[in-house]
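> Right, I'll just put the structure down here and ask away after.
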Amino acid sequence: MFEELKKNAEAHMQKSIEALRSELAKVRTGRAHVGLIEHLQVSYYGNSVPLNQVASITVGDARTLVVSPWEKNMVPVIEKAILQSDIGLNPATSGQLIRVPVPPLTEERRKELVKLIRASAENSRIAIRNARRDANNSIKELLKTKKINEDEERRDQEVIQKLTDQYIADVEKLLSTKEADLTSI
């Protein structure tokens, strides 16, 4: 019974970490990477789809992304989607290719981005703690229904706490890595 509880809590905690990784990948540093624009929504025959489903996105050099649409008529649509996004990039079209230069970040923008990623990290921590709370409530319920004794309850809660500490440490590691990326010039 407890193993299932533990697996469930761990699955929720792992999803929180994955969501944080995804959020951090969208935050731009001074370097170009595909994660900056691949999630942007573009209109494709009346449907809104992610950019990576209508074009290939590659890194041209450290400061340039290259978008190659699979259909010629998608070039202006993709350009428009990049311009309208809130990431502050200006695409330049040359024939079939769209080059997206990634400008260096200003000090003010870096500070804003650090605040943003700290908020994302805090949301992940909250989600992990919520998974711990749910698991602990289930353990207490097992104690009330006399399916486990008090010693087992204490031991199970300690296991859940160690799991929580491990995932919170993962959040801290991801956050410090991304902060170092953002603050390095």
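> With axes computed from alpha carbons, what is the tilt in degrees of helix 2-26 against the longest principal axis of the chain, rounded to the nearest 10 within 0 to 90?
20
> Further, regarding this structure: Which value, in debye to the nearest 20, describes the size of the charge dipole of the range 52-185 about its Cα centre when Lys and Arg Cβ atoms bear +1, Asp and Glu Cβ atoms bear -1, and nothing else is charged?
So the dipole magnitude of the range 52-185 works out to roughly 160 debye.
> Separate question: If amide H atoms are built 1.01 Å from N in the plane of the peptide, which residues on other chains or at least 5 residues away come under 5 Å of the amide H of GLY60?
The answer is LEU65, VAL66.
> Could you give the Stokes-Einstein D for the chain in µm² per second, using the C-alpha Kirkwood radius, 20 °C, 1.002 mPa s? Please report the intermediate quantities before stating the final value.
On the way: Rh = 19.1 Å.
Translational D for this selection: 112 µm²/s.
> Of LYS7/LYS140; LYS15/LYS146; LYS15/LYS173; LYS146/LYS173; LYS15/LYS115, which sit over 28 Å apart, Cα to Cα?
The pairs that break the limit, which is 28 Å between Cα atoms, are LYS15/LYS146; LYS146/LYS173.
> Taking only DSSP H segments of four or more residues, each worth -39500 (n - 2.57), what value at 222 nm results for the chain once the sum is divided by all its residues, to the nearest 500 deg cm²/dmol?
-20500 deg cm²/dmol
> Let me ask another. Using R₀ = 25 Å, calculate the FRET efficiency as 1/(1 + (r/R₀)^6) where r is the Cβ-Cβ separation of SER68 and ALA25; round to 0.05.
Numbers: r = 21 Å, r/R0 = 0.83.
Between SER68 and ALA25 the formula returns 0.75.
> Shifting gears a bit: Quick one: angle between helix 75-84 and the longest Cα principal axis of the chain, in degrees between 0 and 90, rounded to 10, please.
60
> Expressed as an acute angle from 0 to 90° and rounded to the nearest 10, what is the orientation of the C-alpha long axis of helix 107-144 relative to the principal long axis of the chain?
For helix 107-144, the angle is close to 30 degrees.
> With a point put 7 Å past each Cα toward its Cβ, work out how far GLU150 is from ILE87 in nm, to one decimal.
Each label point is offset 7 Å from its Cα along the Cβ direction, giving 5.6 nm.
> In the range 34-101, what is the volume of the convex hull around the alpha carbon atoms, normalised per residue and reported in Å³?
Cα convex hull per residue, to the nearest whole number: 74 Å³.
> With the chain treated as a Gaussian network of Cα nodes joined by springs under 10 Å, which of ARG31, ARG154, ARG132 yields the largest mean-square fluctuation?
Highest fluctuation of the listed residues: ARG154.
> Between the range 1-56 and the range 73-108, what is the C-alpha centre distance in whole Å?
The distance from the Cα centre of the range 1-56 to that of the range 73-108 comes to 20 Å.
Rule-based calculations on the coordinates, nothing more; no lab input. Model, not experiment: these values are computed from the prediction. We place every Cβ from the backbone using ideal geometry, glycine too, and count neighbours over all the protein chains shown.
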